[in-house]
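Have a look at the structure below, then the notes.
Derivation of every value follows stated rules applied to the coordinates shown; laboratory data play no part. Everything numeric here is computed off the predicted structure, so don't read it as measured data. As a convention, Cβ positions derive from the backbone with ideal geometry for all residues, glycine included, and neighbour counts pool all protein chains shown.
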Amino acid sequence: MAKSEKTWSAGPLRIRVTTDVPESAPRERLTRERIVDVALAQMKERGYEAVSMRSIAKELGTGQASLYAHVANREELDQLVVDRIAALMPHPEPDPERWDEQVVDFLHDALAIYREHPGSARAAMGMIPTMPGALRNAEDLMGICLAGGVPEQYASWACDMFALYVGAVAVEEDIWADRLRTGPEGRSYSEEAVVAAVREHFAALPPEQYPILSSLAEVMTTGTGEERFDFGVRLLVAGLKAVSQRS
């Protein structure tokens, strides 16, 4: 407890009163880990674009200059965010007998982690990962492909394509999540309502101009996000197997 004294005069008397004042709790030390914690929380709540060094500093009750002592700029912050979530990935031992299924599982795991941390996929787009977590994942995925007999060059290009596909799906899901929270004029609307509206639009297209789209409106709008993602993953892996076998 700290001491506080007050003194005042009442006629010829001089009065002094001493009271105990609770001391404020010491401020938690600023670290890279805390900065990344806040960045991920803000991305989840507000979306990637709403996060800035200024918004993070404000939440941590400090100035931007204090953040720059730990994180050089937004680009480094993105690297740290991606490294944090990359560390959550499992590390499978390459199995030449089922390498293709291992790749499928790997990409599903990656999307699941992006989904658990909305906004983080946007941080990964347009980035060349250089930190340990992301590098470890690249090493693992390359190892699985090479164990399956995929030529080194194809494995390298494929890993880039896999990252782009998973990241693009995650970013699109983030965009739709923002739209579904608040639709036009502040009205929220559901995924089912959007799909139904698209199906209705396709079905109403002039058949003389769009004979396929109008007749296949149901087919074009069928399938969950998970089913469509899995189809894309398996399509990529099947293509990788095909070109590898021809090389």
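Using C-alpha pairs below 8 Å separated by at least 6 residues, the relative contact order for the chain is 16 percent. On C-alpha positions alone, give me the angle between the axis of helix 74-86 and the longest principal axis of the chain, in degrees, nearest 10. Tilt of helix 74-86: around 70 degrees. Loop sites here are GluC sites (Glu not before Pro) outside DSSP states H, G, I, E and B with no more than 10 other Cβ atoms within 10 Å. The longest part of the chain free of them is 98-207. Between the helical axis of 191-203 and the longest alpha-carbon principal axis of the chain there is an angle of about 40 degrees.
Round to the nearest 0.05 the FRET efficiency obtained for E208 and E45 when R0 = 51 Å and r is the Cβ-Cβ distance. Calculated value: 0.60.
Assuming R0 = 30 Å, what is the FRET efficiency of R29 and E76, from their Cβ-Cβ distance, to the nearest 0.05? Approximately 0.95, to the nearest 0.05.
Both numbers refer to the Cα atoms of the range 40-162; Rg and Dmax are 16.8, 54 Å.
Ordering L135, H70, A193 by Cα displacement along the dipole of the chain toward the positive end leaves H70 in first place; charges were set at the Cβ atoms of Lys, Arg (+1) and Asp, Glu (-1). The convex hull built on the alpha-carbon positions of the range 92-246 has an orientation-averaged projected area of 12.0 nm². Specify the angular offset, from 0 to 90 degrees and rounded to the nearest 10, of the alpha carbon long axis of helix 99-116 from the longest principal axis of the alpha carbons in the chain. Once rounded, one gets 40 degrees.
For M125 and S215, a Förster radius of 51 Å and the Cβ-Cβ distance give a FRET efficiency of 0.90, rounded to the nearest 0.05.
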